[in-house]
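Engineer: To start, I am sharing the structure in question, which I have written as structure tokens.
Please treat every number below as a calculation from the coordinates, not as lab data. Source: prediction; values computed, not measured.
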């Protein structure tokens, strides 16, 4: 291949490809075709488990959390005191439900 046959450089082809991808994503985002997960909008709260050894004390706020736990179809669910119908199933970091009896 001679020098006269080369029409585009590798750099210009890469820049064009990257620009096309960025432009495509921008157009899809602006037109609303890309849907974003709203999993955080559906969450009731973020919880932390505290491991307590026998005889060990730990600090906890004296104020109640305005939430309560219920057993829903064999899984632990958290419900708001103000609206008991607003419930969320407690899951671990792999979205596996926490069983209850």
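Engineer: To the nearest 10 degrees, how steep is helix 10-30 against the longest Cα principal axis of the chain, on a 0 to 90 scale?
Structural biologist: 40
Engineer: Need the full-extension length gain, residue 81 to residue 52, defined as separation in residues times 0.36 nm minus the C-alpha distance. One decimal, nm.
Structural biologist: Here the segment from residue 81 to residue 52 would lengthen by 7.8 nm.
Engineer: Evaluate the relative contact order of the stretch 39-89 (contact order divided by residue number), counting alpha-carbon pairs under 8 angstrom at least 6 apart; express in whole percent.
Structural biologist: Rounded, it is 26 percent for the stretch 39-89.
Engineer: Show me the three semi-axes of the equivalent ellipsoid for the stretch 39-89, from the C-alpha gyration tensor (sqrt of 5 times each eigenvalue), largest first, rounded to whole Å.
Structural biologist: 24, 14, 12
Engineer: If you build a Gaussian network model of the chain, linking Cα atoms that sit under 10 Å apart, which residue out of 28, 13, 76 swings the most?
Structural biologist: 13
Engineer: Now for a different question. What 222 nm value per residue comes from the helices of the chain, counting each DSSP H run with n ≥ 4 as -39,500 (n - 2.57) and dividing by all residues, nearest 500 deg cm²/dmol?
Structural biologist: Mean residue ellipticity, 222 nm, calculated: -8000 deg cm²/dmol.
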